1. Any residue that is without any contact (Cβ under 8 Å) to a residue 24 or more places away in the chain, open to solvent by 40 Å² or more (accessible area, probe 1.4 Å) and part of a loop (DSSP other than H, G, I, E, B) - is there at least one of those in the stretch 6-21?
2. Could you check how many residues of the stretch 39-83 are open to solvent by 50 Å² or more (accessible area, probe 1.4 Å) and either part of a loop (DSSP other than H, G, I, E, B) or within 21 Å of LEU17 (Cα to Cα) (or both)?
3. Name the residue that is most open to solvent (accessible area, probe 1.4 Å), counting only residues in the stretch 22-38 that are of a type outside the set (A, V, I, L, M) and modelled with pLDDT of 80 or more.
4. Take the residues in the stretch 87-116 that are polar (S, T, N, Q) and within 16 Å of the chain's Cα centre (by Cα); name whichever of them is modelled with the highest pLDDT.
Amino acid sequence: MDSLLTELRKRKIAYDLVNENVSFSFNINKLSISEVREKDERLRKHYSTDLNLSFSNECIHFRTYLLTLPKEQLPKSIIDMCVTFKNEGFEDIYSYVNIALRMYLCCPVSNCSSEQSFSALKRIRSYLRSRMTDERLNSIKHRIRYYKRFRL
């Protein structure tokens, strides 16, 4: 039980860090240009291999675009922003902003898929262990002895 709580706490801290880095995109149109530059620089440093130096300029331009929209058309979530990107054809114009949004959306999914594969591996291993009979164990012992005797 303690290990489960520890793992959940670690995961919460990791998700909080990701949220802190990407959360500026929720209210990017309410931030000043200097605040946007500061926050996107932190995100760019964290994902330096995925986000280029032009990420900062793309964020500023995207912020300007959002300021031109009427209040009822503003995206309300990251998914809405991704849909806006797709519908407006912004994937090529703001490519690094699009990458950052998609990385944020994929973060929990990538975590769960790895856990599922380990869970499947655990089921397979426990199945094999339960199928280990004395006859099979003896056969393995004889093969090991034979291998040691003739291979060394």
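1. The answer is no; no qualifying residue exists.
2. 14
3. Once the filter is applied, the top-ranked residue is GLU38.
4. Just the residues of the stretch 87-116 that are polar (S, T, N, Q), to begin with: 87, 95, 98, 110-111, 113-114, 116.
Now narrow it down to the ones that are within 16 Å of the chain's Cα centre (by Cα): 98, 110-111, 113-114, 116.
Details: ASN98: 83, SER110: 49, ASN111: 54, SER113: 44, SER114: 46, GLN116: 51.
Among those residues, the one meeting the criterion is ASN98.
The values are calculated or read from the model by the stated rules, or taken from the named source; none is laboratory data. These numbers were taken from a predicted model, which means no experiment stands behind them. Neighbour counts run over all protein chains shown; Cβ positions are idealised from the backbone, glycine included. Keep in mind that these areas ignore ligands, DNA and RNA; they rest on the heavy atoms of the full protein, side chains included. Shrake-Rupley method; radii C 1.70, N 1.55, O 1.52, S 1.80 Å.
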